[in-house]
1. So is residue A:120 within 23 Å of residue A:226 (Cα to Cα), assigned to a helix (DSSP H, G or I) and within 12 Å of another protein chain (Cβ to nearest Cβ) or not?
2. Please find, among A:333, A:345, the residue that is in contact with a helix residue (DSSP H, G or I) (Cβ under 8 Å, 6 or more places away or on another chain), closer than 28 Å to residue A:245 by Cβ and surrounded by fewer than 24 Cβ atoms within 10 Å (Cβ to Cβ).
3. Any residue at all in the stretch A:263-284 that's modelled with pLDDT under 95, crowded, with 22+ Cβ neighbours inside 10 Å and in the same structural domain as residue A:320 (by TED's automatic domain parsing)?
4. Is at least one residue of the stretch B:94-113 in a loop (DSSP other than H, G, I, E, B), at pLDDT below 90 and under 22 Å from residue A:146 (Cα atoms)?
5. Name the single residue, out of those in the stretch B:75-90 being surrounded by fewer than 17 Cβ atoms within 10 Å (Cβ to Cβ) and within 14 Å of chain A (Cβ to nearest Cβ), that is modelled with the highest pLDDT.
6. Mind checking which residues of the stretch B:27-74 are at positive phi and within 14 Å of another protein chain (Cβ to nearest Cβ)?
7. State all residues of the stretch A:50-70 that are outside any helix (DSSP H, G or I) and within 15 Å of residue A:169 (Cβ to Cβ); if no residue qualifies, say none.
8. Just checking, does the stretch A:305-318 include any residue being more than 18 Å from the chain's Cα centre (by Cα) and assigned by TED's automatic domain parsing to the domain that holds residue A:183?
């Protein structure tokens, strides 16, 4: 970091913001103690996944798109699968659908606990990294590692392997687990449920900056269960649409300073918030009563508008994911088939699921042989980019009198509230504050 | 080393050219050392990596690195005494990879008493299933080096367990 101070102009440059996935930069311009410009610059090269999906067989999309992210490959697989099933006109129900929720729960547990304990908690406790934090808070870090492990075990069992799983397919799975295999997970999940509850209680003891926004939250909703894999897309500001109407209401825009497209709401180009806080706000009623109670005991209402408290919400979602995994296992009856047939036709299919970081939309146009003619993927971080900028624009004035080093620290923390995955959106995040 | 257990962990991705270096070295060592020596392949995910070496007396980590050094350069570190250098931190998901796993284990007093790292600077990390010529050469050297160490300790057989 270099820090030059002279007259009314100050320039602060930070070369590396750690604990986010991907390469990008943050630019803050401050004039007369007012924030006049905020840019989340993503300079990680475009990855062209949509381009090389074209010409591939529709059945290849789940395996190709799972390579987009090592943290949330299940989400990419699932959104691709739901889009392809939409195109084929089939709906997977019953035990196969339940197994998809179990698979997804594993990813939520693994991804969320990585962020809670290894990436985000050090911000609140004043450590530069989880390694430093582990020296003073070994119990917390070990709790996080234990939870992450059970999430990875679910992903390994359901996906064949935890990174870039290979077992999910259009129509179901290549192989479904035997009940005995699931029961082996059950004992571990019972322990994990205690650890997850402790995580909620522990996260609630952290100190949070007083900052709230009137967010437009967007997530899936089906009225019956906390959303993971299907539902309508709703917001707290009146939006209620089918997944295939997404393009009519949302628009990806290119901004010159970023290699990732920014997604905004039509027609005004407003920013919106996807992820744990959005899911929670729009689906609190779908949480089991004991988890609602745990959330309330942690100080949360039915809606959380303080992005710094997203760590508590994320912890509540870990508890939910563990409970949901247990529910699926306890009710599991092995399906008669591991998948149902999927016959492609010349049409466009739409799919959206709830990745750990938020809504993940896929759209594919197929020809009559099931060859992909066009693909569009809108990851959660692309949708949250403008929201992150907006948070900083509103948050920084509240701490404008603080030293630049503290503004930098808090701003980095504000970015990490979103657990941004820049690789998904297009690796380090540089923060630059320009005071004039 | 017949009275202790030894674990060789080849870290990498078999589908990213030179990143497969650790995996290929671990696989080559299969069937050579004693049953006290396990050779596994691992993707480098920290939590499961730490779990792999829990209760193991001696661990050798083998990995390809990308530090900016000349391709083929061999790095050796006694991790019980020293950290992996910062420049090895660049290529991991959420900046949380093998160096962090080692330091986290150290902080949690879960680092094996004997743990070493052999890294070789990679040349090509593009999608692909073949090592570059430079690393192919280094593979023979590193396998020979580890075998030499194991033979000094009396190991003559090994088995491979695929993990990750």
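1. Values: within 23 Å of residue A:226 (Cα to Cα): no; assigned to a helix (DSSP H, G or I): yes; within 12 Å of another protein chain (Cβ to nearest Cβ): yes.
The answer is no for residue A:120.
2. Numbers: A:333 fails: closer than 28 Å to residue A:245 by Cβ.
Within the list A:333, A:345, the selection yields A:345.
3. Yes, there is a match, as at least one residue in the stretch A:263-284 is modelled with pLDDT under 95, crowded, with 22+ Cβ neighbours inside 10 Å and in the same structural domain as residue A:320 (by TED's automatic domain parsing).
4. Within the stretch B:94-113, the first condition is being in a loop (DSSP other than H, G, I, E, B), and the residues that meet it are B:96-97, B:108-113.
From what is left, the residues that are at pLDDT below 90 are B:96-97.
Then keep just the ones that are under 22 Å from residue A:146 (Cα atoms); that gives B:96-97.
So far as the stretch B:94-113 goes, yes, one or more of its residues are in a loop (DSSP other than H, G, I, E, B), at pLDDT below 90 and under 22 Å from residue A:146 (Cα atoms).
5. Step one: list which residues in the stretch B:75-90 are surrounded by fewer than 17 Cβ atoms within 10 Å (Cβ to Cβ), which gives B:75-76, B:78, B:80-83, B:85-87, B:89-90.
In the following step, the residues that additionally are within 14 Å of chain A (Cβ to nearest Cβ) were identified as B:83, B:86-87, B:89-90.
On the way: B:83: 91, B:86: 70, B:87: 69, B:89: 53, B:90: 46.
If we take residues in the stretch B:75-90 being surrounded by fewer than 17 Cβ atoms within 10 Å (Cβ to Cβ) and within 14 Å of chain A (Cβ to nearest Cβ), then B:83 is modelled with the highest pLDDT.
6. Our first condition is that a residue be at positive phi; within the stretch B:27-74, this holds for B:31, B:44, B:55, B:68, B:72.
B:44 - this is the single residue of the stretch B:27-74 that is at positive phi and within 14 Å of another protein chain (Cβ to nearest Cβ).
7. Kept after step one, since they are outside any helix (DSSP H, G or I), are these residues of the stretch A:50-70: A:54-57, A:69-70.
A:56, A:57 - these are the residues of the stretch A:50-70 that are outside any helix (DSSP H, G or I) and within 15 Å of residue A:169 (Cβ to Cβ).
8. Going residue by residue through the stretch A:305-318, those that are more than 18 Å from the chain's Cα centre (by Cα) are none.
Among the residues of the stretch A:305-318, not one is more than 18 Å from the chain's Cα centre (by Cα) and assigned by TED's automatic domain parsing to the domain that holds residue A:183, which makes the answer no.
The values are calculated or read from the model by the stated rules, or taken from the named source; none is laboratory data. Note that this is a predicted model, so its numbers are computed, not measured. Glycine also receives a Cβ, built like all others from the backbone with ideal geometry; neighbour counts cover every protein chain displayed.
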